[in-house]
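Peer 1: Right, I'll just put the structure down here and ask away after.
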Amino acid sequence: MAHNRYYFDGPTLQWHKAQRRWVLPIVGNALVCLFLASILALFIDRTVISPEKQALKAENRALQDQLAQTDLLLRDFRQSLDELAHTDQNLYRLILQADDISEEVRQVGVGGSDPYQEFDRFSMSTARLLRRSATQLDELERQINLQNASYRELGTLARFRKERLAQLPAIMPVRGLVSSYFGKRKHPIYGNYRDHVGVDIPVAKGSPVYATGGGVIKMIRNAPDGYGLYIVVAHPEAGYETLY
């Protein structure tokens, strides 16, 4: 049962019933309700995920998975390029007698300021994947460009070596037995040893004579007091001249 309150009025010497004040209880209740509503909204925001947030999280997971797959693929490409570079360095350049590519040249562009700082605004895992993928892409681009330049150089050398080998004197000019080799020999008339700057192969008159390598005829002369009738073939790519 509610109790009524009274107050004494001095001038009238009478007791009067006090009126209830509802303002403060109403405001207090409103503040309590507002506080509880805020707590409830915060709880719902933290625990209940909207469809938009769910879709965004699923998209982020898919992108991270794709980045991880790309990272593995880039590693395979890097391994293949490393194998090509190893073959280039230890086989092609060895065969063609080309200079090795120094490690300083292979590492050109590595180091310096960080070019991937913009990735730091993402989450740690995403930034790490993006940074690793971007780094590998830059390294692959540099290695591909270097390998292309190397193959162009080797291709030029191979063409030059092919022409040089084709002109390099490497066969006997006639079929027969060598009677005198190049170098010191005993002079058949004077009996002392002198330099012999040729190879003598006696054959029958009219026997075919072949150039020992590809080339062009430089001169045809007749020296009665020396070689007699002879021909000189130039082999410019090989750097030789042969006389017959």
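The values are calculated or read from the model by the stated rules, or taken from the named source; none is laboratory data. From a predicted model like this one, the values you see are computed outputs, not experimental measurements. Cβ sites come from the backbone with ideal geometry, for glycine too, and all protein chains shown count toward neighbours. Areas reflect the complete protein model, heavy atoms only, side chains present, ligands, DNA and RNA absent. Shrake-Rupley method; radii C 1.70, N 1.55, O 1.52, S 1.80 Å.
Peer 1: Checking the structure you have, find out if any residue of the range 98-117 is among the aliphatic types (A, V, I, L, M) and either more than 18 Å from the chain's Cα centre (by Cα) or farther than 21 Å from Asn145 by Cα (or both). Spell out how you get there, then give the answer.
Peer 2: Start the filter on the range 98-117 by keeping residues that are among the aliphatic types (A, V, I, L, M), which leaves 98, 101, 105, 108, 110.
With the extra rule that they be either more than 18 Å from the chain's Cα centre (by Cα) or farther than 21 Å from Asn145 by Cα (or both), the set shrinks to 98.
Checked against the condition, which is being among the aliphatic types (A, V, I, L, M) and either more than 18 Å from the chain's Cα centre (by Cα) or farther than 21 Å from Asn145 by Cα (or both), the range 98-117 yields at least one hit.
Peer 1: Something else: Can you tell me which residue among Arg75, Arg20, Arg5 is open to solvent by 90 Å² or more (accessible area, probe 1.4 Å), modelled with pLDDT of 65 or more, more than 26 Å from Phe119 (Cβ to Cβ) and of a type in the set (Lys, Arg)?
Peer 2: After applying the criteria, what remains is Arg5.
Peer 1: Quick check on the range 92-109: of everything there that is open to solvent by less than 80 Å² (accessible area, probe 1.4 Å) and part of a helix (DSSP H, G or I), which residue is nearest to Ser125 (Cα to Cα)? I'd like the intermediate steps shown before the answer.
Peer 2: First, the residues of the range 92-109 that are open to solvent by less than 80 Å² (accessible area, probe 1.4 Å): 93, 96, 98, 101-102, 105-106, 109.
Then keep just the ones that are part of a helix (DSSP H, G or I); that gives 93, 105-106.
Details: Arg93: 42, Val105: 33, Arg106: 30 Å.
That would be Arg106.
Peer 1: Which of the residues belonging to the range 171-180 are modelled with pLDDT of 85 or more and closer than 22 Å to Val233 by Cα? Lay out the reasoning, then the answer.
Peer 2: Filtering the range 171-180 down to residues modelled with pLDDT of 85 or more leaves 171-179.
Residues satisfying the conditions are Ile171, Met172, Pro173, Val174, Arg175, Gly176, Val178.
Peer 1: Right, something else. Taking only pairs six or more apart or across chains, which ones have beta-carbon atoms under 9 Å, a first residue in the range 187-198 that is more than 14 Å from Gly226 (Cβ to Cβ) and modelled with pLDDT of 85 or more, and a second residue that is hydrophobic (A, V, I, L, M, F, W, C) and assigned to a loop (DSSP other than H, G, I, E, B)?
Peer 2: Once the first residue is more than 14 Å from Gly226 (Cβ to Cβ) and modelled with pLDDT of 85 or more and sits in the range 187-198, its partners that are hydrophobic (A, V, I, L, M, F, W, C) and assigned to a loop (DSSP other than H, G, I, E, B) give Asp195/Phe182.
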